[in-house]
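Okay, structure first, notes after.
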Amino acid sequence: MTQSVWDATTLPEFSKVEPNNIVADLEALLEKNRADIAAVVEKNAEPTWASLVTPLDEIHDRLGHFWSPISHLNSVQNTPEIREAYNGSLPKLSDYYTELGQNKALYEAYKALAESDEAQSLTPAQTEALTQTIRDFELSGVGLEGEAKKRYGEISSRLSELSSQFGENVLDSTRAWSKLITEEAELAGLPESALAQAKQMAEAKEQEGWLFTLDIPSYLPVMSYADSQELRKEMYTAYATRASELSSEGKFDNAPLIDEILALRHEMAQILGFEDYAELSVATKMAESGQQVVDFLNDLAVKSKPSAESDLADLKAFAKEEHGVEELNSWDVGYYAEKLREKKYAISQEVLRPYFPINKVLSGLFYTAQTLFGVDICEESGFDTYHKDVQLFTISKNGEDIARFFLDPYAREGKRGGAWMDECRVRRRLDDGRLQLPVAYLVCNFTQPIGDKPALLTHDEVTTLFHEFGHGLHHMLTQVEVSSVSGINGVAWDAVELPSQFMENWCWEPEALAHIAGHFETGEPLPQDLLDKMLAAKNFQSGMQMVRQLEFSLFDFRLHREYKDGIKAQDVLDEVRSQVAVTVPPAFNRFQNSFSHIFAGGYAAGYYSYKWAEVLSADAFSKFEEDGIFNTETGAHFRDTILANGGSRPAAELFEAFRGREPSVDALLRHSGIAA
């Protein structure tokens with residue numbers, strides 16, 4: 001058995017991150033990398049895997065080890081010092097990666113290796129890594145010369161800066177707004193958990209009363225439960241205008257950034273020989289063309305919109321007949337939807353919350369992974385951390401450690417919103433024969449524990465945790481030893497959500513909920529009547545939810561596909577809404593200004609990936625519906641085909657290896673309660 005790398009140096013040392021030294025240390029490391037890359041190229045007149053790829057992997061991983069904790073801290077513990085160092089580093093990293101992608105000598109060395117006699121004896125993972133690396137060189141402009149090459153570098157650097165600025169504007173605009181309420185009468189309808197959280201937030205700021213912010217754990221209960229329409233409208237308006245000319249005196253306005261980002265992406269695509277940025281995006285995905293993506297989304301919209309229209313008609317009729325509401329505004333939809341859900345099913349997220357204390361949920365999550373995939377998960381202590389709430393876990397299989405992950409579960413100031421999984425360390429074979437084991441970051445923004453109670457999650461939050469853990473499993477259960485196709489690396493972006501959406505299904509299965517749910521005070525399982533109501537309400541307004549996601553996907557894809565000078569994001573969004581949406585927000589809504597997935601994340605012309613992968617995940621789960629949701633053979637088959645192979649084989653090939661056929665949309669429509 002080869003030795004694995006598993007000591008203190010394999011985890012980030014957050015306490016040693018000195019913001020004042022980051023830029024200088026990065027510059028020194030990049031210079032060393034450049035020199036080492038030049039030396040590798042010089043030695044590779046006749047490249048082999050050992051002489052070319054192995055040392056380059058070491059160089060790339062060295063930079064990853066350095067940058068990973070800095071990038072992570074910028075997202076989860078954003079201080080002025082970290083932000084300044086992070087932003088000061090971005091142009092240097094952008095220049096470095098542009099140089100790397102356009103290094104012709106390196107490109108030729110990889111091509112020579114791919115055409116050599118040794119190529120015939122490489123493993124499938126090595127072959128796929130070579131194929132993808134050569135493709136990525138070509139998509140990075142390795143063939144560019146002169147002015148085009150210079151311009152590509154300028155665009156890459158500027159896009160990196162704009163993306164970071166976009167995310168900062170969303171964070172700062174969200175931070176800039178808060179509301180202190182001192183009269184309890186204004187808070188009628190809000191559940192005790194929301195009031196206790198708001199009280200705790202006010203006390204933390206040494207204020208009397210209840211403090212509300214635009215962070216989701218604070219915002220969502222108001223939109224769902226506050227009887228005061230005035231309060232709902234005020235918070236909705238603040239949330240819907242974040243990072244726009246209408247918020248925070250307009251100082252965090254993302255509109256000019258959107259215009260510049262779109263123009264630069266379009267120019268970059270054309271420099272590389274693509275008609276538009278959407279076609280450049282699709283070049284690395286499962287989808288074969290931009291038209292196929294548009295057809296896929298339009299087809300789902302046609303099938304889903306009648307269901308969405310029916311959902312809205314039910315809601316309007318209920319609001320009018322039961323509450324005398326003639327006009328349903330955007331700040332009313334969530335509130336009356338919750339009232340309708342309670343009337344139809346006598347269930348709400350708040351009623352379920354006491355049954356989902358975070359430790360019980362984690363225990364159920366780990367039981368699910370252990371049963372399906374044959375792994376054990378245990379918590380560690382005494383590690384270097386950046387916040388007291390962060391936990392560290394080790395995953396083992398057959399008594400041998402195989403991975404670790406950090407869990408950072410709660411919302412707090414200085415932490416960007418949403419939930420995500422990110423790579424900390426990648427699984428790869430080192431040049432001395434040892435195995436570097438994977439490490440992941442799992443980040444959520446759940447409601448913090450209140451007083452001496454544990455954190456109590458909504459069922460939506462439980463689903464989010466399972467989702468992110470699915471990404472984590474993809475990264476951590478890989479058996480691939482070539483870093484560029486290990487774990488989530490090299491996986492087509494429109495297939496990367498398959499394991500995450502797949503794991504969500506267990507949150508709805510009675511057999512799994514028996515392990516996930518238990519009352520925080522008594523340990524009592526979820527009562528049968530609540531379970532029945534929860535399952536009955538599963539597809540409540542699923543048609544409206546489906547068209548909302550399709551609206552975001554079509555807006556993103558069409559915006560990048562139909563780009564021309566002077567295009568206005570708002571005009572494209574309005575046109576998409578007229579086609580697929582059943583509710584249209586007020587004119588002041590600036591959704592696009594905080595759409596970080598596509599302007600500050602990796603989903604540009606790729607947001608459709610959520611729906612594309614949802615087809616795969618629903619169809620994959622239907623195999624467990626046939627065999628049993630805890631069927632260990634089927635679980636092992638999913639692990640060994642989808643999770644273990646990472647990006648080492650094309651996603652379509654892996655799906656067919658698991659399911660025995662091409663994917664079908666039927667399971668998704670059935671799971672969503674929408675007739676095929």
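Take the conditions closer than 26 Å to Ser330 by Cα and in contact with a strand residue (DSSP E or B) (Cβ under 9 Å, 6 or more places away or on another chain) and apply them to Ile258. Does it pass?
Working: closer than 26 Å to Ser330 by Cα: yes; in contact with a strand residue (DSSP E or B) (Cβ under 9 Å, 6 or more places away or on another chain): no.
In short, no.
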What single numbered condition from (1) touching a helix residue (DSSP H, G or I) at 6+ places or on another chain (Cβ under 9 Å); (2) closer than 22 Å to Arg428 by Cα; (3) in a helix (DSSP H, G or I) fails to hold for Asp95? (2)
Matching residues in the range 9-38 - criterion: being under 30 Å from Lys111 (Cβ atoms) and either touching a residue at least 24 places away in the same chain (Cβ under 8 Å) or loosely packed, with under 12 Cβ neighbours inside 10 Å (or both): Leu29, Leu30, Glu31, Asn33, Arg34, Ala35, Ile37
Here the residues within the range 216-252 that are buried (at least 21 other Cβ atoms within 10 Å of the Cβ) and part of a loop (DSSP other than H, G, I, E, B) are Ala226, Thr241, Arg242, Ala243, Ser244, Ser247, Phe252
Which of (1) in a helix (DSSP H, G or I); (2) in the same structural domain as Met503 (by TED's automatic domain parsing) is the odd one out, the single condition Glu521 does not satisfy? (1)
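Counting only residues that are of a type in the set (Asp, Glu) and in contact with an Asp or Glu (Cβ under 8 Å, 6 or more places away or on another chain), how many does the range 411-442 have?
The number of residues fulfilling the criteria is 1.
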Residue check: is Ala105 in contact (Cβ under 8 Å) with a residue 12 or more places away in the chain, among the hydrophobic types (A, V, I, L, M, F, W, C), assigned to a helix (DSSP H, G or I) and surrounded by 20 or more Cβ atoms within 10 Å (Cβ to Cβ)? no
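Are any of the residues in the range 419-434 of a type in the set (Val, Ile, Thr) and not in a loop (DSSP other than H, G, I, E, B)? Steps first, please.
Pass one, the range 419-434, residues of a type in the set (Val, Ile, Thr): 426.
Checking which are not in a loop (DSSP other than H, G, I, E, B) leaves us with none.
Checked the range 419-434: no residue is of a type in the set (Val, Ile, Thr) and not in a loop (DSSP other than H, G, I, E, B).
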Among the helices (runs of 4 or more DSSP H) lying completely within the range 572-658, list those that include at least 1 residues that are under 28 Å from Asp295 (Cα atoms). 596-599, 609-627
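Have a look at Leu365, Leu372, Leu340 and point out the one that is touching a Ser or Thr at 6+ places or on another chain (Cβ under 9 Å) and either under 25 Å from His519 (Cβ atoms) or crowded, with 18+ Cβ neighbours inside 10 Å (or both). Full working, then the answer.
Working: Leu365 fails: touching a Ser or Thr at 6+ places or on another chain (Cβ under 9 Å); Leu340 fails: touching a Ser or Thr at 6+ places or on another chain (Cβ under 9 Å).
The conditions single out Leu372.
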Residue selected from the range 221-243 under the condition among the aliphatic types (A, V, I, L, M) and touching a helix residue (DSSP H, G or I) at 6+ places or on another chain (Cβ under 8 Å), by the criterion farthest from Ala188 (Cα to Cα): Ala243
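The values are calculated or read from the model by the stated rules, or taken from the named source; none is laboratory data. From a predicted model like this one, the values you see are computed outputs, not experimental measurements. Methodologically, a virtual Cβ is constructed for each residue, glycine included, from the backbone with ideal geometry; neighbour enumeration extends over all protein chains shown.
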